[in-house]
Amino acid sequence: MSSSFRRYEFLLPLRFNDGQTVPYELVGEVLAQLRERFGAASFQPNSVVGVWQSSGRVFQDKLSRIFVDVDDRPEHREFFLALKEQLKRDFQQLDIWMTSHPVEIL
């Protein structure tokens, strides 16, 4: 493989900020959107616990992990930047933790 790849990874909350459970269908829509655009996506359904602090308060989130490996192209970065904003709205969050890093496919 001669292409350069990048992994985009993000954590989706399993509960909205008001404590209500996120409908599983909402996560399914995100996975479907990624599969339709890139042909594949990976989902880690067991929860990851995130603990963070803001304005002197400590918060704890239960999160699921989604990641996808794509060709490292500017248009893919732009897609994920826009997706982050969509996810913040859809999951009613102040922020969504999204990272990217180079991937070497063996």
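Computed from the coordinates by the stated procedures, all read-outs in this text should not be read as laboratory data. On a predicted model such as this, the values are computed, not experimentally measured, just so you know. Don't worry about glycine lacking a Cβ; one is built from the backbone with ideal geometry, like all the others, and counts go over all protein chains shown.
For the pair ASN17 and THR99, a Förster radius of 30 Å applied to the C-beta separation gives a FRET efficiency near 0.90, rounded to the nearest 0.05.
Restricting to DSSP H runs of at least four residues, report the calculated mean residue ellipticity at 222 nm for the chain, -39500 (n - 2.57) per run over all residues, nearest 500 deg cm²/dmol.
It comes out at -10000 deg cm²/dmol, rounded to the nearest 500.
Taking Cα centre as origin and charging only the Cβ of basic (Lys, Arg, +1) and acidic (Asp, Glu, -1) residues, the dipole magnitude of the stretch 19-63 rounds to 140 debye.
In the set [x] 12.9, 39; [y] 14.6, 48; [z] 12.7, 36, the label that goes with Rg and Dmax of the Cα atoms in Å computed for this structure is [y].
Proximity of backbone amide H atoms, modeled 1.01 Å from N, is registered between LEU14 and LYS62, LEU63, SER64 at under 5 Å, excluding neighbours fewer than 5 places apart on the same chain. Between ASP71 and LYS88, the simple spin-label model (points 7 angstrom out along Cα→Cβ) gives 2.9 nm. Cβ-Cβ distance of GLN60 and LEU31, R₀ of 30 Å, FRET efficiency by 1/(1 + (r/R0)^6): the value works out to about 0.75. The angle separating the long axis of helix 24-38 from the principal Cα axis of greatest extent in the chain is about 20 degrees.
Tell me, how many Å apart are the Cα centres for the stretch 36-106 and for the stretch 18-35? When both Cα centres are located, 12 Å separates them. Against the main long axis of the alpha-carbon atoms of the chain, helix 74-90 sits at an angle near 20°. Which of TRP52, GLY39, PHE5 sits closest to the plus end of the dipole of the stretch 5-98, meaning its Cα is farthest towards the positive end, when Lys and Arg get +1 and Asp and Glu get -1 on the C-beta? Going by the charge dipole, the pick is TRP52.
Can you list which of the GluC sites (Glu not before Pro) found in the stretch 1-105 are DSSP loop residues with at most 12 other C-beta atoms within 10 Å? Present the calculation step by step, with values, prior to reporting the outcome.
On the way: sites: GLU9, GLU25, GLU29, GLU36, GLU75, GLU78, GLU85, GLU104; in loops: GLU104.
When the GluC sites (Glu not before Pro) of the stretch 1-105 are filtered for loop state and at most 12 Cβ neighbours within 10 Å, GLU104 remain.
Extent of the stretch 36-80 along its three principal axes (Cα atoms, max minus min coordinate, largest first): 39, 25, 14 Å.
Charge dipole (Cα centre; +1 on Lys/Arg Cβ, -1 on Asp/Glu Cβ; no other charges) of the chain amounts to roughly 240 debye.
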